[in-house]
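Before any comments, here is the structure.
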Amino acid sequence: MTEFGVVGTSAPRLDGIEKATGRAAYVDDMVRPGMLHGAVLRSAYAHALIVSVDVSAALALPGVHCVLTGDDFPHRYGAFVQDEVVLARGRVRYVGEPVAAVAAETPALAREALNLIAVDYEELPAVMTPAEALAPDAPLVHEDFAAYGRRVAVPLPPNVCAVTTIAEGDADAAFADCDVVVEGVYRTQPQVHVYLEPCGALAEADAAGKVTVWSSCQSVFRVQATVAEVLGLPMSRIRAIASKVGGAFGGKSDVTVQPLAALLALRSRRPVKLVLTRDDDFMMMRTRHPAEIWMKTGAMADGRLVARAARITLDGGAYAEDSSAVLGFALLIARGPYRIDHIRLEGQVAYTNRLRAAGFRGYGNPQVTFAGECQIDEIAARLGRDPIDLRLQNAVRAGDDWVGGQRLEACGLVECLERLRDALPPRMPGRGIGVACVAHISGILSTSAIVRVLEDGTVTLSTGAVDLGEGADTVLSQICAETLGVPLDRVNYAVPDTDGSPYNWSTGGSRVTYMVGRAVTAAAGQARDRLFDHAAEMLECAVVDLELRPGGRVGIAGVPGAEVAFRDISARAHWAVGGPIIGNASVMFEGGGFDPKRSAVTGNGIGRLGAFVFGAQAAEIEVDDVTGQIAVRRIWAAHDVGRAINPTAVAGQIAGGVAQGLGYALYEDLCFDGPNPANPTLMDYKVPGAKEMPEIIPIIVEHPEPSGPFGAKGIGEPPLVPVAPAIANALADVRGVRLRQLPLTPERVLDALDAART
Amino acid sequence: MNPTFTVNGRSCSAPADGTATLLDVLRDQLALTGAKRGCNYGVCGTCSVLIDGVLGRACLALAADCAGREIVTVEALDADGTPDPIQQRLVAAGAVQCGFCTPAMVLAARGLLAVNPRPSRAEAAAAISGNICRCSGYGAIVDAIVAAGHD
């Protein structure tokens, strides 16, 4: 049983019935009077000069109101490198890159107009892989790179948009003393987010030129800032509102089509809805970073891990976006959740003529953890040790420091591994079991919350945090209700809207429960203090004698009848004394980076991002030796969440993350045929369906995080991360072959089995 | 005379444009937006509706080909203001996350339960195997369908 009233209960999600009845409004379900429809023309070339664009025929088509080209967006943008444009200008850099946009009376007319736009290209040689991009005299993806604004202005080789290194201890000397050293190259593929709702936005300008943009996004504030930046307008002229979001997973973190919808609306002076087709979404949007990782790990004969080195090359695609941070985070995590004193971690991000790589649930972690957790098993095999036992021997614990020197205030990794070991069944014939751990962070940057007590004593909570489906609005409302001692149905969660909501960086980085939850706790606590101030005057007692009572009342402790309802307090505040009761709070995760006495860092090293979270998973598989197919039977997923504010929602994040991890491990791969994506359709790009799913057994571990709301921290990303290495380790367990490339396709399994036989 | 069919019990005529799909009619003409346009080529399943009681893809069905058919969309299930038990089960099981697949899952479950009132987990999984969910991992959806079979 929980010691709380609302926190710790599996309250149904606030918009569950609205969604299940089909009444929730996603962008494409919205209609505005006089609304036009947008469509986007994509580049057919991976790398080409745009010699000319002739839009006259498109503009002449009756019903077409506006056509935009690169010249309409003179401002470059980008969080780390200002290399990106909304529409290609002078040059295209990947097949699918947006080149022009149209607003017309109907979607069909808009698409017809695209066919009338004549673009004259002069094709250039393209670089389709990091190896090609980094070769001597390779064609440059960005000729003008030196002129771009950059946040981290270190010197970089050609076609590289980020380089970072982290070193602690003396890895070379430590390797020399190791009894066992394993070394290998691991390759991971571009995974597509495949949120079921394609990207979309609806924009409308008012008579004064202020633009309102409804969109499917992870942060209304990032939409507001980027739309303002690319249009050269003050942020105060842009209002961003979140519609219902049909999944995002990192793919709607940066802007998608909002700038296009906004300018089409401004120019046409009509509302414009622009929703991508699934084809366009595949071709224009983003993937997880493909990675090539050389890694080496050393241990002593007694199992102590002592050294790890890694060189990571990420394929960033044509524009840098968040690649610099993805690399920095991958390096921060690459040591793994083990006490390894000597590390040397190096990484770079290459530009290629592929669509952009972006944050995707895990943010660089799945790639490095695939390599790292495979190597732990390789060491266990060499030493004849049980993989869980070896991990327990080396696991970080509360009070240890992470790379960079951040103290782990709470750490449930050991309990995750022990609970996993207890849960595993006796080994069944023909089935292999593999284990992998994950460490991740929950935090990042700033956020805020406002709690308003309405005249009738009910509450409106505004945080600006967009719910992508994980249930952030429900969990934050639970935290608010718990802090104020009111039932959940008295809390109204305000739709994120930059005109009214306080700032929230984003729904990403597994941060909302932990970071926004802290802001909500503080804001609700402030409102509670004001309620107590009033109650003390109304009841003629001291504040310290007061207590919250169930159902929204404040009473004198130990005096049953002496109490006032929130309704009466708030009425007094609104109409007689003091003014409306509003609590507000701003929080920032003030990391502070690396301890220079401990770590040598170059480039964009990012440390102390948030509270660390931990997990451990086991996968049970069978292998068909004829087809090479891996069938995953069960996955046990133990995750430390600090405290489960809503256990059903936590289990939902675990199961959903495992499902995406399963796709990453076995199926999902955006392949390229020369410059073109070869399988950019749901027909050819396989995401797991109901019949592919193994039984998933979630194990929720709770080691309260001292700084978290009621001890809670994040769970959004971690469950995806260990799935692939756990399955690869299970394959090694049951067949003795080690695959170092994802996905673990039947062909690769068969090749490995064949190679092992000869 | 354009072909006519019924949607949630009400008569409806297909538009003169013979290329209009059932999904176009539902979403654009009737403002029944519970059926979603996730891929528009028949793979994701988010546009699924019941066509003469059988789960079908509204994005692949030409409206003109629906003459005489009875179409049921998710909007019919709570027409009296009370959500259908399967809708309540999905919410209670935590099977609704982003919600984009959910209306179609509701209809897939309804279609199954109409012919198989007490489905097993495997039967429930098979019934939704043409409907992609990217959030839940499917287990909670299967739980909800099996539970609804016991209601």
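What follows is calculated from the coordinates using simple rules that are stated; it is not laboratory data. Remember, it's a predicted structure, so these values are computed and weren't measured experimentally. Cβ sites come from the backbone with ideal geometry, for glycine too, and all protein chains shown count toward neighbours.
Given R0 = 22 Å, the distance between the Cβ atoms of B:SER129 and B:LEU60 translates into a calculated FRET efficiency of 0.85. For A:GLU455 and A:ASP751, a Förster radius of 56 Å and the Cβ-Cβ distance give a FRET efficiency of 0.20, rounded to the nearest 0.05. In a DSSP loop and with at most 13 other Cβ atoms within 10 Å, the trypsin sites (Lys or Arg not before Pro) in the range A:425-489 are A:ARG427. Applying the criteria of a DSSP loop state and at most 12 other Cβ atoms within 10 Å to the GluC sites (Glu not before Pro) of the range A:134-233 yields A:GLU143. Each of B:SER129, A:SER570 has some number of other Cβ atoms within 10 Å of its Cβ, and from fewest to most they run B:SER129, A:SER570. Using 7 Å Cα-to-Cβ label points, what is the A:ALA600/A:ASP386 separation (nm, one decimal)? Label-label distance for A:ALA600 and A:ASP386, simple model: 4.0 nm.
Per residue, chain A reaches -8000 deg cm²/dmol at 222 nm when only DSSP H runs of four or more residues are counted, each adding -39500 (n - 2.57). Using 1/(1 + (r/R0)^6) with R0 = 30 angstrom and r between the beta carbons of B:ALA20 and A:ALA57, what's the FRET efficiency to the nearest 0.05? Efficiency at R0 = 30 Å is approximately 0.70.
Taking all Cα pairs closer than 8 Å and separated by 6 or more residues, the relative contact order of the range A:88-171 comes to 16 percent.
Contact order, relative form, for the range A:430-527: 41 percent (alpha carbon pairs under 8 Å, 6 or more residues apart, mean separation divided by residue count). Neighbour counting of Cβ atoms within 10 Å sorts the residues A:HIS193, A:HIS289, A:HIS75, fewest neighbours leading, into A:HIS75, A:HIS193, A:HIS289. What shape does chain A take by its C-alpha gyration tensor, where a ≥ b ≥ c are the square roots of the eigenvalues and a/c under 1.5 counts as rounded, a/b above b/c as prolate, and the rest as oblate? Because a/c hits 1.5 or more and a/b fails to exceed b/c, chain A counts as oblate.
Dividing the mean sequence gap of close Cα pairs (under 8 Å, 6+ apart) by how many residues chain A holds gives a relative contact order of 16 percent. Multiplying the residue separation of A:ASN584 and A:THR106 by 0.36 nm and removing their Cα-Cα distance gives an extension gain of 167.6 nm.
Neighbour counts of C-beta atoms inside 10 Å place B:ASP28, A:ASP29 in the sequence B:ASP28, A:ASP29, starting with the fewest.
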